[in-house]
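The values are calculated or read from the model by the stated rules, or taken from the named source; none is laboratory data. This one's a predicted model, so the numbers in the text were calculated from it and none came from an experiment. So basically every Cβ, Gly included, is an ideal-geometry build from the backbone, and we count neighbours across all protein chains shown. SASA here: full protein model, heavy atoms, side chains in, ligands and nucleic acids out. Shrake-Rupley method; radii C 1.70, N 1.55, O 1.52, S 1.80 Å.
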Amino acid sequence: MKWRHLRLARRLIWRPSSTRGQLTFQYTVVFSLLLFLAAGLLYFTLNWILFWNVDNELQNEAALVKQYIHFDQGKPVFDAGAASESQSYDPRTIFNVSEILNNEGIPVKSSPELTAFGYSVEPGVLKSLLAMKPPPAFTTEGRRDEQMRFINTVLRGPADHRYLMRIGTRLKPINDAQDTFLWVMLMLLPVTVVFSAIFGSVMAKRTLKPVTDMTHAARAISASNLSRRLPTRGRRDELDELAETFNAMIARLQQSFAKMNEFAANVSHELRTPLQAMQGETELALIARAPLGECRRVLESNLEEIERLNRMIRNLLVLAQADAGEMRPRLEAMDLNELVRDLVEQMRAVAQARNVDLRAETSNPVPLRADSLRLRQMVLNLIDNAVKYTPPGGRIEVRVERAALAHGRSEARLLVRDTGIGIAAEDLPFIFDRFYRADKSRTRSAAGVEGCGLGLPIVKWVAETHGGSVEVSSHPNQGSSFVVHLPLAPVLAKTKTTQRSPEADPREAGTAAKGGASRVGVA
Ligand SMILES: Nc1ncnc2c1ncn2[C@@H]1O[C@H](COP(=O)(O)OP(=O)(O)O)[C@@H](O)[C@H]1O
Ligand SMILES: [Mg+2]
């Protein structure tokens, strides 16, 4: 309830829409408030000092006059006979502006000077004053323009006769000083408010200038000139930090724009080449009125290309979805060993056709929590590469193992090693980039090695989405080895393979029973 009111109140307060306006507004409000406060404080201090002075003087005067008063037949009598006139305080002059009241509040001595100041006796007030024991030491009486300050001194006569002596002084000088002060302040305040608003506005402009500059500079940066940067002032302050952050962002943008352009160029190139080939072959067959057998060959060759294109587009789609974060792995308990054995079995015929020896070294089950579909894709890509880039007579070894890490932890490791053409050192850092192929001309022509450089990026992505990584080491003409590190399934990792947890893959029982290393040899 309270909050709602507060919010409403906040909304009702006018606020300028620009930051500069807001800064100026805040500055002016704060400055004016401070000024009001200072003026108020000054006013009260001034008052206090003035009254303190007056009261002090009255006190001295009362003390002095009291010395010359004695009682005659119970009545106070003033006798200044002994007082010298050279004194700075002349008791006679002082006594002139005093009155003495008896117990009933009736003056036994009144003063024409007091009356001349405009002071008039108000018996009611005096009576109530006398009723107070002791009466207040100082009182202020009268209307504002003829105010007087009194010191009230009790005179004690014999037989408990009490008289009240009041010495007064005009407050006009004090009141005049107060009025003057207030007037000056009143005149000064609007002027200072206006000045502080102007000053605040200038200050705000100065403070915001770098921001304005930055805005102009940023506005000038568009997709076509991303190489431009915001200027920094070299002060290493917040604004420089902002500019640097902004520049870093533009750099990243520039990088991704460049990547996008390169990607588009790559995709169009990869699409154009086979499409042109297909177009050429088809046109030739049509123009030459090729016989049915030749047409058939062209169609078959085209179909192959179409399949290849299809594969590429599927891969591109996977990577695009991965980039968009739409591909969450569907994790399930599985055995990496079994998966790899299956795939090696599957690739055996391909390897055999190329006269490459493909072996799988699998031992105990390696339990994982992984997306088996993605993992299958990853392993297939690696074996496919090994087969593709290993000349006839070569050997490929696929191994799955559980490797010990530091602090008693362990991980799953997949190794695909071949004795193929290898990868040059200068290509190694890039083979996981999209569309990167170490040697296009050679790999494409060499025994129909097809591909478009999307296999390894997918391998890397799959490994990473499973919390793992992939490494490669290779020497040209000696072979390459790819190692994928994957975290083991947390539950199974602890219980070891001999004690299977209930949710473990039922197929694991079969592999565990078989045990040992199984080999899939390819002649
Ligand atoms: N086992 C390997 N032996 C030699 N070179 C390889 C091997 N695996 C990958 N490469 C190199 O890395 C490049 C990228 O591989 P990949 O992304 O799978 O694309 P693709 O297989 O379509 O060519 C390949 O073009 C090849 O040059
Ligand atoms: Mg590949």
Taking the highest mean first, how do the peptides 221-227, 450-456, 346-352 order by number of other beta carbon atoms within 10 angstrom per residue?
450-456, 346-352, 221-227
Which log10 I(q)/I(0) values, to two decimals, does the chain give at q = 0.11 Å⁻¹ under the Debye formula with one point per Cα?
-1.05
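Take each of the peptides 459-468, 198-207, 284-293, 376-385, average the number of other beta-carbon atoms within 10 Å over its residues, and list them starting from the highest. Walk me through the intermediate numbers first.
Values: 459-468: 19.5, 198-207: 14.6, 284-293: 10.5, 376-385: 22.0.
Averaged packing, sorted descending, gives the order 376-385, 459-468, 198-207, 284-293.
Compute the normalised compactness of the stretch 322-441: alpha-carbon radius of gyration over 2.2 N^0.38 Å, N being the residue count. Display every interim value, and only then the final one.
Values: Rg = 15.9 Å, N = 120, 2.2 N^0.38 = 13.6 Å.
It is 1.17.
I need the peptides 242-248, 255-261, 58-64 ranked by packing, meaning the mean over residues of other C-beta atoms within 10 angstrom, with the highest value on top. Can you show the working numbers first?
Details: 242-248: 15.0, 255-261: 11.3, 58-64: 17.6.
Peptide ranking by packing, descending: 58-64, 242-248, 255-261.
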Round to a whole angstrom and tell me the spacing of the C-alpha centers of the stretch 251-292 and the stretch 1-69.
82
Along the stretch 318-326, what does the Karplus equation 6.51 cos²θ - 1.76 cosθ + 1.60 (θ = phi - 60°) give for ³J(HN,Hα), rounded to whole Hz, x for Gly and Pro?
4, 5, 5, 5, 4, 4, 6, x, 8
Rounded to the nearest 10 Å², what accessible area does Tyr436 have for a 1.4 Å probe in the complete protein model?
70
Just to verify a number: FRET efficiency for Met203 and Leu34, C-beta to C-beta distance, R0 = 22 Å, to 0.05?
0.90
Between Ala322, Met165, Leu375, whose Cα lies farthest towards the positive end of the dipole of the chain when Lys and Arg beta carbons carry +1 and Asp and Glu beta carbons carry -1, centred on the Cα centre?
Leu375
Residue-averaged 222 nm ellipticity for the chain, from DSSP H runs of 4+ at -39500 (n - 2.57), nearest 500
-18000 deg cm²/dmol
